[in-house]
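Scroll down for the structure; my scribbles are underneath it.
The values are calculated or read from the model by the stated rules, or taken from the named source; none is laboratory data. Worth saying up front: this structure is predicted, and the values here are computed from it rather than measured. Cβ placement follows ideal geometry from the backbone for every residue including glycine, while neighbour counts extend to all protein chains displayed.
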Amino acid sequence: MTEMSVKEQQIWQEFLAQADTKALFFSVVTLNYDDESSTHPLVRQILTDETIDLAVVKAFYFRLGPGYVKQYATLDEAPDYLHDTYRLLEQLEEGVATGFYTKNEFYYDPASDFGENWLTAYPDIVVQKEIPAIMKEALDGEADLVVDEPWESFEDGLPFDLAEKLYED
């Protein structure tokens, strides 16, 4: 994983300062998860902002691959490269279970997420620690968060106009 440059940090801060729930959801579903870490600005926002909609939290959670990571019962059993992800999953589970995240305006179903059923992902993995039932539950939010494909307007977690700034000199 590479260290984020000052320019990247500034671009992410610019995005996060004005992002609504739909933008955050699109960011989560288009983020490059090879670069995700607990220090990433989007991740920090999700972990610390209690006003984040549960649809964003759960979409982020399932993209971290809990069905894969949960083949390890404890952090100590997991290989080093999964430690940050393991901790993130546990923080998100705790935030949902304790009611840290209370906003639920949008519908989200981990069993039907852009054609992906995250509940059956990684069928060959023997799970040692179950995904909590509260994380598996579909959200009955009133609004439909997705009306168009995020890949038509977002790249690597950012709207196209901001993503392009990453590559400008």
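Assorted remarks:
- Filter pass, TYR68 being at pLDDT 95 or above, more than 25 Å from LYS22 (Cα to Cα) and surrounded by 13 or more Cβ atoms within 10 Å (Cβ to Cβ): yes
- Qualifying residue in the range 75-83 (condition: in contact with a Phe, Trp or Tyr (Cβ under 9 Å, 6 or more places away or on another chain) and either under 25 Å from PHE106 (Cα atoms) or polar (S, T, N, Q) (or both)): no
- On the stretch given as the range 114-129, residues that are loosely packed, with under 11 Cβ neighbours inside 10 Å and touching a residue at least 60 places away in the same chain (Cβ under 8 Å) total 1.
- Residues of the range 4-15 satisfying the condition of being in a loop (DSSP other than H, G, I, E, B) and either within 19 Å of the chain's Cα centre (by Cα) or within 15 Å of PHE60 (Cβ to Cβ) (or both): MET4
- Hits in the range 33-71 - residues which are of a type in the set (Asp, Glu) and over 11 Å from the mean Cα position of the chain (by Cα): ASP34, ASP35, ASP49, GLU50, ASP53
- Residue under evaluation ASP140, criteria (1) more than 20 Å from SER27 (Cα to Cα); (2) modelled with pLDDT of 95 or more; (3) surrounded by fewer than 15 Cβ atoms within 10 Å (Cβ to Cβ), criterion not met: (2)
- Scanning the range 16-38 turns up at least one residue that is within 17 Å of PRO110 (Cβ to Cβ) and part of a loop (DSSP other than H, G, I, E, B).
- Search result, residues across the range 153-169 that are part of a loop (DSSP other than H, G, I, E, B) and either of a type in the set (A, V, I, L, M, F, W, C) or free of Cβ contacts under 8 Å to residues at least 12 places away in the same chain (or both): LEU166, TYR167, GLU168, ASP169
- Qualifying residue in the range 89-112 (condition: acidic (Asp, Glu), in contact with a Pro (Cβ under 6 Å, 6 or more places away or on another chain) and either closer than 16 Å to LEU54 by Cβ or surrounded by fewer than 16 Cβ atoms within 10 Å (Cβ to Cβ) (or both)): yes
- Pairing each residue of the range 67-83 that is hydroxyl-bearing (Ser, Thr, Tyr) with any residue that is part of a loop (DSSP other than H, G, I, E, B) and surrounded by 10 or more Cβ atoms within 10 Å (Cβ to Cβ), provided the two are 6+ apart or on different chains, yields C-beta distances under 9 Å for TYR68/ALA121; TYR68/TYR122; TYR68/ILE125; TYR72/ALA78; TYR72/GLN128; TYR72/LYS129; THR74/GLN128; THR74/LYS129.
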